[in-house]
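Taking it in order: structure first as structure tokens, then the write-up.
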């Protein structure tokens, strides 16, 4: 493994590469999507500095190998946090580069946006070994094509990101949760939709089928949280009596949802994104195959787990497709990941454009070949 | 300004091309005579004018496909156009180009409240989306000053912002899906009605691409529930430094107002003369701060903000008590460009972004430049997110004055880059800032962006001579 300590040396390593490279940070998400066939590994794990933190400008820059946990600890010193609330399901060694490369967002995505909405700038090395920067450190920037956004979620297939700059926000004074009990998935999601369609700025909206719990989170100043949770509970009274959780209980609850603690993870794990009201249908469609899960993002994000075989995977994909949504195979044994569509296939027109774009970034095709799709 | 030489073969075949377009479109959808072309020769950046070869006004995606195939086959350049409100010349025609105006594609196709989205055609106005959903108390968040006229297709192409994007984000943060037609006449479907892409973020790449990659035919936007209410306050300060420090203090306190706007003395005077909003004329700098929520929440939040402002010795502070007062406060701000236009009919509106802590420094240096160039400037600033709009006043009848204004503007944008910011926060590069791109990007970075453009449009027929410096 090559794990340089400077961006210059990353560029050097790319220029000197004689074949495909497995591009990664700490490699915590290696079991996600397709396996990469590469003789060498290029890691950013030794680029670990926070290079800029301006709390009054809501901005932080960090080298790609900086651990998410270290970034969150630094933000906490100024009472701030990552807006997208990235899940910690891949352990404490996840790097910020990995979070950005996978566009990995948690419950707050439903209101605050995804990681891709907060990435302001990126430094990266392209396949020719050139060091490039796109975007910047300011919150509003439309100068040229938004390559920072395009690299976010590209799974290391276009360029090796060496530093990312992202927007952050204050941790709110209080958190509250409105909990409704005993609803089936369809009713639960109807309640979530009503909550997200209310004026109370719901920042988390999840449904847990096993416990038949419907949860709506509000984060704000304490007086607002009190006011809004009560108003929301009253507005949702047709869905039954609500329980209201305070800050401490809410924080624990939503951390567990963020990290999928209630997912009794089997061999395979999928993430499916659909229009929110289609979430319950996805759960129902795969139930008989022994696939279980829960709903986040108001019903739109379906976390699923079940047996790792082609038939089950095909059923999950079919359910996502029927709901006009998309899927990611988040975890499965390598043989399965190597032979199935881990993300939805593209149209032929888009595939042709995609290949031409990839060739412009990585002419030799050396970065994570096959990670998203078979060649 | 240098423009690429028109293609002689295209100019020579003008009559044939117009006849060819008439054969594939309804007869009233092709404009070819000199007088009817006149309204299309410029956009919101009126300093530049160029009549196109022809204008076509398709009314559905099928017609866009037909036009693109025709233009691709004959090697004809294509310039997309929405309402023509671009402040960077994004819709400026070329002599040998066909302008594709999307204004007839103005239908709202679907509204879904439970899933909180609307599917609209590109010629729907920005305000038109909000108007379509406001009876259910929903709205579409990005609110550029031109929102009464500008179209969602243009908003997506330029990734438009607005005064309220501190809380709600810019266009890119409020989209779910797009349909567009490539230069080859192929239809691409990007995203949908769900969140996030499994694979590359084409939605993010196409948003803000200024018509370089395709012509939009359908846009799926997120719609949001309106807040219970909103209220604005004003605070006047006796220096830009103090007002800037107050902005820092508000953000650092953990309060993110829905809008946080800054105006300097010339801007305050221009806007007050126009809107009579009760702006403090004796102040050197003024903040407009808006909060949202219930009556009680607004009062509580404004109290916190007033307490913070008080530490910076404001020379005036006023919380609006009624919806009318709030509206008057915003009328001044949203009418700022028109207000400056009353003082000086000709002005250039610049659009850089800076790290907010650089504000006092940047305003001081703009003041020095103003003296050096002998041109007046008024500064309006989305202070929460660092987006600065200096309005440079000049006399268009005096070519020297115009050239000075352009040079002044370029100096300001270079300064924005120098202090860690960028050339454009929300207006786009267009033709206006095209030749400054190398101030912000290295040759290799520009080559990488050009490569993406080439992957979509190998012959560079789509909106050429914009965004990238001419080579």
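Which fully enclosed strands (runs of 3 or more DSSP E) of the stretch B:281-400 have 3 or more residues being touching a residue at least 40 places away in the same chain (Cβ under 8 Å) and in the same structural domain as residue B:234 (by TED's automatic domain parsing)? Break it down into steps so the answer makes sense when it comes.
Details: elements: B:285-292, B:316-319, B:346-349, B:377-382, B:387-394.
In the stretch B:281-400, B:285-292, B:316-319 are the strands (runs of 3 or more DSSP E) which contain 3 or more residues that are touching a residue at least 40 places away in the same chain (Cβ under 8 Å) and in the same structural domain as residue B:234 (by TED's automatic domain parsing).
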Fill in the blank from the handout: When every residue in the stretch B:33-57 that is in contact (Cβ under 8 Å) with a residue 24 or more places away in the chain and more than 24 Å from the chain's Cα centre (by Cα) is compared, the one farthest from residue B:100 (Cα to Cα) is B:53
Exercise for the section: Name the single residue, out of those in the stretch B:164-182 being more than 10 Å from chain A (Cβ to nearest Cβ) and buried (at least 23 other Cβ atoms within 10 Å of the Cβ), that is nearest to residue B:383 (Cα to Cα). Expected result: B:175
Fill in the blank from the handout: Of the listed residues (B:464, B:458), the one being modelled with pLDDT of 95 or more, more than 30 Å from residue B:264 (Cα to Cα), within 10 Å of chain A (Cβ to nearest Cβ) and in a loop (DSSP other than H, G, I, E, B) is B:458
Practice task
Considering only the stretch B:324-360, state which residues are within 14 Å of chain A (Cβ to nearest Cβ), crowded, with 22+ Cβ neighbours inside 10 Å and under 22 Å from residue B:279 (Cα atoms).
Solution key: B:359
Fill in the blank from the handout: residue B:212 fails exactly one of (1) within 30 Å of residue A:224 (Cβ to Cβ); (2) more than 7 Å from chain A (Cβ to nearest Cβ), namely (1)
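How many residues, within the stretch A:233-242, are surrounded by 12 or more Cβ atoms within 10 Å (Cβ to Cβ) and closer than 19 Å to residue A:185 by Cβ?
Going through the stretch A:233-242, the residues surrounded by 12 or more Cβ atoms within 10 Å (Cβ to Cβ) turn out to be A:233, A:235-236, A:239-240, A:242.
If we keep only those that are closer than 19 Å to residue A:185 by Cβ as well, we get A:236, A:239-240, A:242.
So the count comes out to 4.
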Practice task
For the stretch A:347-360, name all the residues that are more than 7 Å from chain B (Cβ to nearest Cβ) and either touching a helix residue (DSSP H, G or I) at 6+ places or on another chain (Cβ under 7 Å) or crowded, with 16+ Cβ neighbours inside 10 Å (or both).
Solution key: A:358
Problem - Residues being without any contact (Cβ under 8 Å) to a residue 60 or more places away in the chain, within 7 Å of chain A (Cβ to nearest Cβ) and in contact with a helix residue (DSSP H, G or I) (Cβ under 9 Å, 6 or more places away or on another chain) - total across the stretch B:427-453 - result: 7
Problem - Residue in the stretch B:68-95 that is nearest to residue B:470 (Cα to Cα), counting only those that are crowded, with 24+ Cβ neighbours inside 10 Å and over 23 Å from the mean Cα position of the chain (by Cα) - result: B:77
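Name the residue, out of A:305, A:312, that is farther than 26 Å from residue A:126 by Cα, away from chain B (no Cβ under 14 Å), touching a strand residue (DSSP E or B) at 6+ places or on another chain (Cβ under 6 Å) and part of a helix (DSSP H, G or I). Can you show your working first?
On the way: A:305 fails: part of a helix (DSSP H, G or I).
None of the others qualify; the one that does is A:312.
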Handout entry: Where residue B:383 falls short, out of the listed (1) within 14 Å of chain A (Cβ to nearest Cβ); (2) over 15 Å from residue B:263 (Cα atoms); (3) at pLDDT below 95; (4) in contact with a strand residue (DSSP E or B) (Cβ under 8 Å, 6 or more places away or on another chain)
Key = (2)
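Those residues that are outside any loop (DSSP other than H, G, I, E, B), out of contact with any strand residue (DSSP E or B) (no Cβ under 7 Å at 6 or more places or on another chain) and surrounded by 13 or more Cβ atoms within 10 Å (Cβ to Cβ), I need them from the stretch B:17-61; list them, please. Lay out the reasoning, then the answer.
Step one: filter the stretch B:17-61 for residues outside any loop (DSSP other than H, G, I, E, B), giving B:17-24, B:27-31, B:34-40, B:54-56, B:61.
Those still in the list that are out of contact with any strand residue (DSSP E or B) (no Cβ under 7 Å at 6 or more places or on another chain) too: B:19-20, B:23-24, B:27-28, B:34-36, B:38-39.
Listed by number, the residues that qualify are B:20, B:24.
Hey, does the stretch B:418-426 have a residue that's farther than 21 Å from residue B:369 by Cβ, within 14 Å of another protein chain (Cβ to nearest Cβ) and not in a strand (DSSP E or B)? Before the answer, list the steps.
Within the stretch B:418-426, the first condition is being farther than 21 Å from residue B:369 by Cβ, and the residues that meet it are B:426.
Within this subset, residues satisfying the condition of being within 14 Å of another protein chain (Cβ to nearest Cβ) are B:426.
Cutting the leftovers down to not in a strand (DSSP E or B) gives us B:426.
Among the residues of the stretch B:418-426, at least one is farther than 21 Å from residue B:369 by Cβ, within 14 Å of another protein chain (Cβ to nearest Cβ) and not in a strand (DSSP E or B), which makes the answer yes.
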Practice task
Identify all residues within the stretch A:38-60 that are surrounded by fewer than 23 Cβ atoms within 10 Å (Cβ to Cβ) and either away from chain B (no Cβ under 14 Å) or within 27 Å of residue A:370 (Cα to Cα) (or both); write none if there are none.
Solution key: A:38, A:39, A:40, A:41, A:45, A:46, A:48, A:49, A:50
Fill in the blank from the handout: Within the stretch A:6-26, the residues that are within 21 Å of residue A:339 (Cα to Cα) and either more than 27 Å from the chain's Cα centre (by Cα) or assigned to a loop (DSSP other than H, G, I, E, B) (or both) are A:20
Fill in the blank from the handout: Only one of (1) buried (at least 22 other Cβ atoms within 10 Å of the Cβ); (2) more than 7 Å from chain A (Cβ to nearest Cβ); (3) in contact with a helix residue (DSSP H, G or I) (Cβ under 9 Å, 6 or more places away or on another chain) does not apply to residue B:194, and that is (2)
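Counting just the residues of the stretch B:234-256 that are touching a helix residue (DSSP H, G or I) at 6+ places or on another chain (Cβ under 7 Å) and not in a helix (DSSP H, G or I), which one comes out nearest to residue B:454 (Cα to Cα)?
Kept after step one, since they are touching a helix residue (DSSP H, G or I) at 6+ places or on another chain (Cβ under 7 Å), are these residues of the stretch B:234-256: B:234-235, B:237, B:240-241, B:244, B:246-253, B:255-256.
If we keep only those that are not in a helix (DSSP H, G or I) too, we end up with B:234-235, B:237, B:253, B:255-256.
Values: B:234: 48, B:235: 49, B:237: 50, B:253: 46, B:255: 44, B:256: 40 Å.
Within the stretch B:234-256, the match that is nearest to residue B:454 (Cα to Cα) is B:256.
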Handout entry: Selection from the stretch A:361-372 of residues that are assigned to a loop (DSSP other than H, G, I, E, B), closer than 30 Å to residue A:331 by Cβ and at the interface with chain B (Cβ under 10 Å from one of its Cβ atoms)
Key = A:372
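I'd like to check something: does the stretch A:316-327 contain any residue that is in a helix (DSSP H, G or I), over 19 Å from residue B:205 (Cβ atoms) and at the interface with chain B (Cβ under 10 Å from one of its Cβ atoms)? Talk me through it step by step, then tell me what you get.
Applying the first criterion (in a helix (DSSP H, G or I)) to the stretch A:316-327 yields A:316-322.
Those still in the list that are over 19 Å from residue B:205 (Cβ atoms) too: A:316-322.
Adding the requirement that they be at the interface with chain B (Cβ under 10 Å from one of its Cβ atoms) leaves A:320.
Among the residues of the stretch A:316-327, at least one is in a helix (DSSP H, G or I), over 19 Å from residue B:205 (Cβ atoms) and at the interface with chain B (Cβ under 10 Å from one of its Cβ atoms), which makes the answer yes.
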Practice task
Using the structure shown, decide if residue B:189 is under 25 Å from residue A:157 (Cα atoms), surrounded by fewer than 24 Cβ atoms within 10 Å (Cβ to Cβ) and not assigned by TED's automatic domain parsing to the domain that holds residue B:385.
Solution key: yes
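Quick check on residue A:170: is it out of contact with any helix residue (DSSP H, G or I) (no Cβ under 6 Å at 6 or more places or on another chain), within 30 Å of residue A:243 (Cα to Cα) and surrounded by fewer than 24 Cβ atoms within 10 Å (Cβ to Cβ)? Walk me through it before giving the result.
Values: out of contact with any helix residue (DSSP H, G or I) (no Cβ under 6 Å at 6 or more places or on another chain): yes; within 30 Å of residue A:243 (Cα to Cα): yes; surrounded by fewer than 24 Cβ atoms within 10 Å (Cβ to Cβ): yes.
It is true that residue A:170 is out of contact with any helix residue (DSSP H, G or I) (no Cβ under 6 Å at 6 or more places or on another chain), within 30 Å of residue A:243 (Cα to Cα) and surrounded by fewer than 24 Cβ atoms within 10 Å (Cβ to Cβ).
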Exercise for the section: Would you mind finding the one in A:282, A:272 that is part of a helix (DSSP H, G or I) and touching a helix residue (DSSP H, G or I) at 6+ places or on another chain (Cβ under 6 Å)? Expected result: A:282
Handout entry: Failed criterion for residue A:195 (all others in (1) closer than 25 Å to residue A:278 by Cβ; (2) part of a helix (DSSP H, G or I); (3) more than 13 Å from chain B (Cβ to nearest Cβ) hold)
Key = (3)
Handout entry: Residue check for residue B:106: in a loop (DSSP other than H, G, I, E, B) and under 20 Å from the mean Cα position of the chain (by Cα)
Key = yes
Completion exercise
In the stretch B:197-233, anything assigned to a strand (DSSP E or B), surrounded by fewer than 23 Cβ atoms within 10 Å (Cβ to Cβ) and more than 22 Å from the chain's Cα centre (by Cα) is listed as B:225, B:230
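The values are calculated or read from the model by the stated rules, or taken from the named source; none is laboratory data. Predicted, not measured: the structure shown is a model, and the values here were computed from it. As a convention, Cβ positions derive from the backbone with ideal geometry for all residues, glycine included, and neighbour counts pool all protein chains shown.
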